[in-house]
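K.L.:
Okay, here's the structure, questions in a sec.
The values are calculated or read from the model by the stated rules, or taken from the named source; none is laboratory data. This structure is a prediction, so every number in the text was calculated from the model and none was measured. Please note: Cβ atoms are built from the backbone with ideal geometry, for glycine as well, and neighbour counts cover all protein chains shown.
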Amino acid sequence: MDEQAAYEAFINKMRSDFRTFLFRSFLELNPGTEFKPNWHLNVLAYELEQVRSGNTKRLVICVPPRSLKSFTASVAFPAYLLGRDPSCQIICVSYAQDLSDRFAGDCRALMQGRYTKIPFRLLVFLRNVRLYRNCSLHNAGFDWPPQLEEY
């Protein structure tokens, strides 16, 4: 297999396999950091693929801190979903605004990454992706958490 054919095979694998996309995404956003794949990432990638395909409607991820669960579910997975279907609508919720901003920024950086944008030609629709900042649930039409005046 020549170099171009190997490259095309890798790109096709990233397009069709979330686990491959996840592993490359880590290297894309963390250059110089050693990536240590582990069995739990394989399980997590499989379970998120089940969510994408519609086989799983609800998923709770319970793993220890520093297990790449936030990176996997809040950064790489939204980028993968948008790459496969640019019209996909995703809501990522966090307990803290700065954490939410970081995840959104990392997701955008991933979609603009040297290797990760290629499988989906992400630059074509990137300008249509809007990242909402400082958006509370109340402003989005939800009444939770209740405003202080309501107590």
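K.L.:
Among what's in region 63-104 and is among the charged types (D, E, K, R) and at negative phi, pick the residue that is farthest from the chain's Cα centre (by Cα).
P.N.:
Quick first cut of region 63-104, residues among the charged types (D, E, K, R) only: 66, 69, 84-85, 98, 101-102.
Then keep just the ones that are at negative phi; that gives 69, 84-85, 98, 101-102.
On the way: Lys69: 10, Arg84: 12, Asp85: 13, Asp98: 17, Asp101: 13, Arg102: 12 Å.
Checked region 63-104; the qualifying residue farthest from the chain's Cα centre (by Cα) is Asp98.
K.L.:
Here's another thing I want to ask about it. Run down Pro64, Pro86 and say which single residue is at pLDDT below 85 and farther than 20 Å from Leu27 by Cβ.
P.N.:
After ruling out the rest, the residue left standing is Pro86.
K.L.:
Within region 1-36, restricting attention to residues that are among the acidic types (Asp, Glu) and assigned to a loop (DSSP other than H, G, I, E, B), which residue is surrounded by the most Cβ atoms within 10 Å (Cβ to Cβ)? Spell out the reasoning first.
P.N.:
In the first step, residues of region 1-36 are kept if they are among the acidic types (Asp, Glu); the result is 2-3, 8, 17, 28, 34.
Then keep just the ones that are assigned to a loop (DSSP other than H, G, I, E, B); that gives 2, 17, 34.
Values: Asp2: 7, Asp17: 14, Glu34: 6.
The residue in question is Asp17.
K.L.:
Additional query: Could you please let me know if Leu41 is buried (at least 16 other Cβ atoms within 10 Å of the Cβ), of a type outside the set (D, E, K, R) and modelled with pLDDT of 90 or more? Outline the logic, then answer.
P.N.:
Details: buried (at least 16 other Cβ atoms within 10 Å of the Cβ): yes; of a type outside the set (D, E, K, R): yes; modelled with pLDDT of 90 or more: yes.
Yes.
K.L.:
Here's a check for you: in region 24-65, which residue that is without any contact (Cβ under 8 Å) to a residue 60 or more places away in the chain and of a type in the set (Gly, Ala, Ser) is nearest to Phe77 (Cα to Cα)?
P.N.:
My answer is Ala45.
K.L.:
Name the residue that is farthest from Leu59 (Cα to Cα), counting only residues in region 92-107 that are assigned to a loop (DSSP other than H, G, I, E, B) and among the hydrophobic types (A, V, I, L, M, F, W, C).
P.N.:
Within region 92-107, the subset assigned to a loop (DSSP other than H, G, I, E, B) is 92-96.
Narrowing the set further to residues that are among the hydrophobic types (A, V, I, L, M, F, W, C) leaves 92-93, 96.
Details: Cys92: 14, Val93: 14, Ala96: 21 Å.
Checking each candidate, the answer is Ala96.
K.L.:
Same structure again: For region 70-91, which residues satisfy the criterion of being assigned to a loop (DSSP other than H, G, I, E, B), out of contact with any Leu (no Cβ under 9 Å at 6 or more places or on another chain) and either acidic (Asp, Glu) or surrounded by 15 or more Cβ atoms within 10 Å (Cβ to Cβ) (or both)? Show your work before the answer.
P.N.:
Here is the first cut: in region 70-91, the residues assigned to a loop (DSSP other than H, G, I, E, B) are 85-91.
Retained after the next criterion (residues that are out of contact with any Leu (no Cβ under 9 Å at 6 or more places or on another chain)): 85, 87, 89, 91.
The one that is assigned to a loop (DSSP other than H, G, I, E, B), out of contact with any Leu (no Cβ under 9 Å at 6 or more places or on another chain) and either acidic (Asp, Glu) or surrounded by 15 or more Cβ atoms within 10 Å (Cβ to Cβ) (or both): Asp85.
K.L.:
Continuing with this model, one more query. Considering each residue of region 59-76, count those that are within 17 Å of Asp101 (Cβ to Cβ) and polar (S, T, N, Q), and give that number.
P.N.:
Total meeting the criteria: 2.
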